[in-house]
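What follows is a set of notes on a single structure, which appears directly below.
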Amino acid sequence: MLTIEQAARYVLKAVFPRDIERASVRYTTARDLRKADFAILHTPGRISAACDGKLSHVSVIWPADDPVQRQDIPWDLDVTERFIQCFNRQRDERR
């Protein structure tokens, strides 16, 4: 898991103290996202040198039926709420 500073350095080229103060991190699993009917696609891109290149990037797509051919954007409120509910659950709730 990344700290707030590590996550900011992964996303931004230059990180200033105000960026760290405004940033946050949240966690989920591919399993939780898939259970909520999202697809997870590996979408490699620029990997920040600040993270030693050990991270990879994924995109969360809805609907999950055929994510390469169809991505509904923007999500409606129901889909957005399902996405939000996938984050920061207690570990015992995930089972």
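Computed values, structure above
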item: Complete set of residues in segment 77-90 that are open to solvent by 80 Å² or more (accessible area, probe 1.4 Å), over 20 Å from residue 8 (Cβ atoms) and at pLDDT 65 or above; result: 77, 78, 81, 85
item: Selection from segment 57-81 of residues that are more than 13 Å from the chain's Cα centre (by Cα), of a type in the set (A, V, I, L, M, F, W, C) and within 26 Å of residue 7 (Cα to Cα); result: 62, 73, 75, 79
item: Pairs, first closer than 19 Å to residue 87 by Cα in segment 1-21, second open to solvent by 90 Å² or more (accessible area, probe 1.4 Å) and in a loop (DSSP other than H, G, I, E, B), C-beta under 8 Å, six or more apart; result: 4/24
item: So residue 58, is it at pLDDT below 90 and open to solvent by less than 80 Å² (accessible area, probe 1.4 Å); result: yes
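Quick grid of which residues meet (1) among the charged types (D, E, K, R); (2) modelled with pLDDT of 90 or more; (3) surrounded by fewer than 12 Cβ atoms within 10 Å (Cβ to Cβ):
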{"residue": "1", "(1), (2), (3)": "no, no, yes"}
{"residue": "37", "(1), (2), (3)": "yes, yes, no"}
{"residue": "47", "(1), (2), (3)": "no, no, no"}
{"residue": "52", "(1), (2), (3)": "yes, no, yes"}
{"residue": "63", "(1), (2), (3)": "no, yes, no"}
{"residue": "92", "(1), (2), (3)": "yes, no, yes"}
{"residue": "95", "(1), (2), (3)": "yes, no, yes"}
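The values are calculated or read from the model by the stated rules, or taken from the named source; none is laboratory data. All of these numbers come straight from a predicted model, not from anything done at the bench. Counting neighbours? That spans all protein chains shown, and the Cβs are built from the backbone with ideal geometry, glycine included. Surface accessibility is based on the protein's heavy atoms, side chains included, excluding ligands, DNA and RNA. Shrake-Rupley method; radii C 1.70, N 1.55, O 1.52, S 1.80 Å.
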